[in-house]
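No value in this document is a laboratory result; all are computed from the given coordinates. Bear in mind that the values here come from a model prediction, so they are computed numbers and not experimental data. No Cβ is skipped: glycine too gets one built from the backbone with ideal geometry, and neighbour counts run over all protein chains shown.
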Amino acid sequence: MFDLVKNHASQYVLLTQISTKILEVNSLEELRKIIPSSIKYLLDFDRFVMIVKVPDEDKYEMYPLFDHRTIVQGTDKLLAPKELTELNGPALHCLTCKAPFVYNDDQFTKEEVTDPLLENKLFNSYLYCPLKYKNTFPGVLAFAHRKPDMYEHTDVELATILASWLGISVNRWQVQQQKEQLNLQLKETNQALVTFSHAASHDLKSPINSVMSLLNLVENNLVSGAEREETMKHMRSTLNRMALLIDKLLQYALSGRSDEFSNVNLNTLMQEIKSDLHDSITTSNAEINYEDLPVIKGVEIELRVMFQNLISNAIKYQPTGNTPVINIRHKNMAEHHILLVSDNGIGIPEKHLKAIFTEFTRVKTNNQYDGAGIGLASCLRIAKGHGGSIRAESEPGKGTTMIITLAKDPAPPDSIL
């Protein structure tokens, strides 16, 4: 009797030491390195795993902490974590009941469940204990032994205390994972917002230039009568679109969310873009051709920014003295729209055809053309946000064709670009 009490006392002293180690580590990998060797003196097992809920996902990961097979193979290397897309059998029973669970027979068969401890018939005793943190249960601690009837009341008590301490550590890891994921999402969203806002702000300059040019005509009495009225109408229309774009940019800045998808008539959109680019089109004598473009599902402001950027580039990147000719065509596919924006500009070397869609990347042109290297990166984000992509086909001196693929039924937008 004395020896039994002494043994139990030693186990609880060891458990206290193990608990201290658990609170000192900051990752599951560190836990996996220090826990198995210590727990082997606390509980007897041939296999020991920890099943952990993946933060914000409907799946679990199984972390082998000790496996008899590694001993047979003569190595201490831990097996890699295994993803579990579903959880049932005794592990699920343990989480559902929120209590330890011991069994020593074949009431759960390999064919009926996807449980990491039942993937072979080598074990006869099982002990499952839920990881617990306050009122949450982030996973399961599980032991298996080849001998039957190995786990008794004392083992359950020790496993329950151990699982509580591990629950604290796992919860801390999960919170850290969520924090890192949120920080990453915040960084990506902020970068997307900066990219989009820069592109949209740049595009605001075009209608401003158009309005200034038209105002110059009116102020200097270069237009009169019906032409003057048409000019004033053009200016009002352009200013209204500028106000709308500014409102949309404010919405992006405040919430980081896109509009809901709506039906966007690309013929109407192109006409409005031509109006906004009136000044550069007039100055360069650019010719922009399109017809029979489709009505597509998308976020109107994003599509406007993308196509205006592509058309602006086609006008800008021209050989000296060349008249820009831009053709916009549509190909109807089963699940996608394909839009092609072709020009007769300077072209792009093949080695740069992918890099041009990377932020702050510009093809060297002897500084003849200004730009920050953001526009096409924004276009790529927009295309991806519409379930598609964008790529370029080009040869130096022979112009460029931008090939935009947009899904006919894109997934609803939930964040900026």
>> Can you list residues from other chains, or at least 5 along the same chain, whose modelled amide H is less than 5 Å from the amide H of Ile346?
In response: Gln318
>> If I stretch the segment between Asn267 and Lys297 completely, what's the gain in nm (0.36 nm per residue apart, minus their alpha carbon distance), one decimal?
In response: 9.4 nm
> Among 291-301, 46-56, how do they line up from the highest to the lowest mean number of other beta-carbon atoms within 10 Å?
Replying inline: 46-56, 291-301
> Peptides 391-397, 344-350: what's the order by average Cβ count within 10 Å, highest mean first?
Replying inline: 344-350, 391-397
> Taking 0.36 nm per residue of separation and subtracting the Cα-Cα distance, what length does fully extending Glu180 through Tyr103 add?
Replying inline: 23.8 nm
> How far is it, in nm, from the label point at Lys40 to the one at Arg391 when both lie 7 Å from their Cα along the line to the Cβ?
Replying inline: 5.4
> Relative to the present Cα-Cα distance, how much length would full extension add between Arg146 and Ser213 at 0.36 nm per residue of separation?
Replying inline: 15.4 nm
> Within the set Lys82/Lys147; Lys297/Lys408; Lys59/Lys82; Lys98/Lys134; Lys274/Lys398; Lys316/Lys351, which residue pairs have Cα atoms separated by over 18 Å?
Replying inline: Lys82/Lys147; Lys274/Lys398; Lys316/Lys351
